[in-house]
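S.K.: If you scroll down you'll find the structure; I have some questions about it.
The values are calculated or read from the model by the stated rules, or taken from the named source; none is laboratory data. Predicted, not measured: the structure shown is a model, and the values here were computed from it. Glycine gets a Cβ as well: all are built from the backbone with ideal geometry, and neighbour counts include every protein chain shown. Just the protein is used for accessible areas: all its heavy atoms, side chains included, with ligands, DNA and RNA removed. Shrake-Rupley method; radii C 1.70, N 1.55, O 1.52, S 1.80 Å.
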Amino acid sequence: MNKKSVKDVEVRGKRVFVRCDFNVPMKDGKITSDKRIAGAIPTIQYLLENGAKVILCSHMGKPHNIFTEGFGLTKKEKKAVEKLPVEEQAAAKEAYLAKAGEDQKKLTLKPVADRLNEYLGNKVTFATDIIGEDAKAKVAALKEGEAVLLENVRFDAREEKNGADFAEALASMADLFVNDAFGTAHRAHASTEGISHYIPAVSGFLIDKEITFMGGALEAPKHPFVAILGGAKVSDKIGVITNLIDKVDTIIIGGGMAYTFVKAQGGKIGNSLCEDDKLDLALELIAKAKAKGVNFLLPVDNKCAAAYDNDADSVTCDADKVPDGYMGLDIGPKTIEIYSNAVKDAKTVIWNGPMGVCEFENYAGGTRAVASVIAESDAISIVGGGDSTAAIENLGFADKITHISTGGGASLEFLEGKELPGIACLQDK
Ligand code: AMP
């Protein structure tokens, strides 16, 4: 995958539309973590320093489509209201309208513009609409090295529907499209894909990094290549396992999803998490791995609890001998040793999903141990998924990881080998 980035095209004097991921957590009108804003700064800074006129665009949350559907009810809400008894309808309608007004207040990108100015030295203005009069006037007034942030793009219903008229209107404000929002690259929305039908499209530095490291690992990995997959459900990771079986030397399975494999092979799993409709598939995946000569590692022991509770009675036992009434909540010490040894000599490691219920202090050990051994290894390491990333960051290992992927769903689809619309639409080198 060889896609052009901002560095491969002329940006001076051009109006450059940059799709960012400013979907930051907010509380009481304040940004509680600006990691995503900080992550976007290198691309924006590069464009400003190289004389571009920068138009910044992002979504935040799941707002009402107040620009297209006003403060009226959406079709879905209208239907929901109509289903209610007549005497309850007026109050329900009022509640929806009040929510739309609150959404606009809570999900405006204005606080993001303020934060951007702290990073960039007051070079960013804020438009109170997306393709309306204010946006047009502020874009027209842009000088080289200045930026405008448009209002929350999901205030317009046509964004998520990838409406052609909306995408064209976005494109008409700019000469070049830069996609730097990896978290939404798996969605074909107007500002992530539709716009590329009208103006040339290239990646920003964040997406370029995802393509370089994740794409590189999948296309030409250094061996031994080890994939570590955890989390709650097998069904979420089937696509990833299937795609990786053709590429890796070892697949390590942990977390709740391991028990479906253990049960499929005849093990006793007590009350552990299990997807009974995936037992046959689990056996198929094990057989496929064997046929391809892939080392498929499952837990040999685990820490179990008498209830889904950090403080419930706990026992460590073989993974296929979970006592009745107990559930496996973390991998055990023997498994940690086997998994650590498998990672030690790897040249490429991909990790997505926790080894246990890492939210519970008593069952976070397996996830932390995996985070540590990856951080210590010399392998090219790629980590994705909220829990795995949090484990790495909480342990202070972020700078020991080659690449921490910024997109949850997008990361998984990338690892599944799917084409992401927000990347496929970028120009080839
Ligand atoms: P995922 O979103 O698929 O990556 O799954 C993450 C979730 O899986 C976390 O909230 C963990 O608590 C949960 N999880 C991991 N291992 C287990 C387990 N053995 N039993 C129940 N839940 C688990």
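S.K.: Looking only at helices (runs of 4 or more DSSP H) that lie completely in the range 207-294, which have at least 3 residues being more than 16 Å from the ligand (Cβ to nearest atom) and either open to solvent by 60 Å² or more (accessible area, probe 1.4 Å) or at pLDDT 95 or above (or both)?
M.R.: 279-291
S.K.: Let me ask something else. Taking Met1 and the conditions (1) of a type in the set (A, V, I, L, M, F, W, C); (2) assigned by TED's automatic domain parsing to the domain that holds Leu170; (3) in a loop (DSSP other than H, G, I, E, B), which numbered condition does it fall short on, given that it satisfies the others?
M.R.: For Met1, the exception is condition (2).
S.K.: Here's a check for you: in the range 374-413, which residue that is β-branched (Val, Ile, Thr) and open to solvent by 20 Å² or more (accessible area, probe 1.4 Å) is nearest to Glu219 (Cα to Cα)?
M.R.: Checking each candidate, the answer is Ile380.
S.K.: What number of residues in the range 115-131 are free of Cβ contacts under 8 Å to residues at least 12 places away in the same chain and either assigned to a helix (DSSP H, G or I) or buried (at least 18 other Cβ atoms within 10 Å of the Cβ) (or both)?
M.R.: Residues flagged as free of Cβ contacts under 8 Å to residues at least 12 places away in the same chain and either assigned to a helix (DSSP H, G or I) or buried (at least 18 other Cβ atoms within 10 Å of the Cβ) (or both) within the range 115-131 amount to 2.
S.K.: Whether any residue in the range 138-161 is of a type in the set (S, T, N, Q), assigned by TED's automatic domain parsing to the domain that holds Ala201 and surrounded by 23 or more Cβ atoms within 10 Å (Cβ to Cβ) is what I want to check.
M.R.: Checking the range 138-161: at least one residue is of a type in the set (S, T, N, Q), assigned by TED's automatic domain parsing to the domain that holds Ala201 and surrounded by 23 or more Cβ atoms within 10 Å (Cβ to Cβ).
S.K.: Does Ile382 satisfy being modelled with pLDDT of 95 or more and either touching a Lys or Arg at 6+ places or on another chain (Cβ under 9 Å) or within 15 Å of the ligand (Cβ to nearest atom) (or both)?
M.R.: Judged against the criteria, Ile382 is not a match.
S.K.: Right, another one. How many of the residues in the range 414-429 are in contact with a helix residue (DSSP H, G or I) (Cβ under 8 Å, 6 or more places away or on another chain) and open to solvent by less than 50 Å² (accessible area, probe 1.4 Å)?
M.R.: 8
S.K.: Find the residue count for the range 132-163, including only residues that are assigned to a loop (DSSP other than H, G, I, E, B), among the small types (Gly, Ala, Ser), touching an Asp or Glu at 6+ places or on another chain (Cβ under 9 Å) and at pLDDT 95 or above.
M.R.: The number of residues fulfilling the criteria is 3.
S.K.: Being open to solvent by less than 10 Å² (accessible area, probe 1.4 Å) and β-branched (Val, Ile, Thr) is the filter; apply it to the range 332-361 and report the residue that is nearest to the ligand (Cβ to nearest atom).
M.R.: Among those that are open to solvent by less than 10 Å² (accessible area, probe 1.4 Å) and β-branched (Val, Ile, Thr), it is Thr335.
S.K.: With the requirement that a residue be of a type outside the set (Phe, Trp, Tyr), buried (at least 23 other Cβ atoms within 10 Å of the Cβ) and assigned to a strand (DSSP E or B), what does the range 176-206 give you?
M.R.: Val178, Asn179, Ala201, Val202, Ser203
S.K.: Sort out which residues of the range 366-379 are touching a helix residue (DSSP H, G or I) at 6+ places or on another chain (Cβ under 8 Å), away from the ligand (no atom under 12 Å from the Cβ) and of a type outside the set (Val, Ile, Thr), and write them in order of number.
M.R.: Arg368, Ala369, Ala371, Ala375, Glu376, Ser377, Ala379
S.K.: Here's something else I'd like to know. Within the bounds of the range 302-323, is there any residue that is within 10 Å of the ligand (Cβ to nearest atom) and of a type in the set (Lys, Arg)?
M.R.: Among the residues of the range 302-323, at least one is within 10 Å of the ligand (Cβ to nearest atom) and of a type in the set (Lys, Arg), which makes the answer yes.
S.K.: Hey, Ser33 hits all of (1) in contact with a Lys or Arg (Cβ under 8 Å, 6 or more places away or on another chain); (2) among the polar types (S, T, N, Q); (3) assigned by TED's automatic domain parsing to the domain that holds Pro200 but one; which does it fall short on?
M.R.: Tallying (1) in contact with a Lys or Arg (Cβ under 8 Å, 6 or more places away or on another chain); (2) among the polar types (S, T, N, Q); (3) assigned by TED's automatic domain parsing to the domain that holds Pro200, Ser33 fails exactly one: (1).
S.K.: Any residue at all in the range 63-86 that is closer than 30 Å to Gly121 by Cα and part of a loop (DSSP other than H, G, I, E, B)?
M.R.: Yes, there is a match, as at least one residue in the range 63-86 is closer than 30 Å to Gly121 by Cα and part of a loop (DSSP other than H, G, I, E, B).
S.K.: Which residues, counting only those in the range 46-95, are surrounded by fewer than 19 Cβ atoms within 10 Å (Cβ to Cβ) and aromatic (Phe, Trp, Tyr)?
M.R.: Tyr46, Phe71
S.K.: While we're on this one: So which of Val24, Val16 ends up being in contact with a strand residue (DSSP E or B) (Cβ under 6 Å, 6 or more places away or on another chain), open to solvent by less than 30 Å² (accessible area, probe 1.4 Å) and part of a strand (DSSP E or B)?
M.R.: From the options Val24, Val16, the qualifying one is Val16.
S.K.: Let me ask something else about it. Yes or no: Gly39 in contact with a helix residue (DSSP H, G or I) (Cβ under 7 Å, 6 or more places away or on another chain), open to solvent by 20 Å² or more (accessible area, probe 1.4 Å) and among the small types (Gly, Ala, Ser)?
M.R.: yes
S.K.: Looking at the range 393-418 only, could you name the residues that are in contact with a strand residue (DSSP E or B) (Cβ under 9 Å, 6 or more places away or on another chain) and within 14 Å of the ligand (Cβ to nearest atom)?
M.R.: Ser405, Gly407, Gly408, Ser411, Leu412, Leu415
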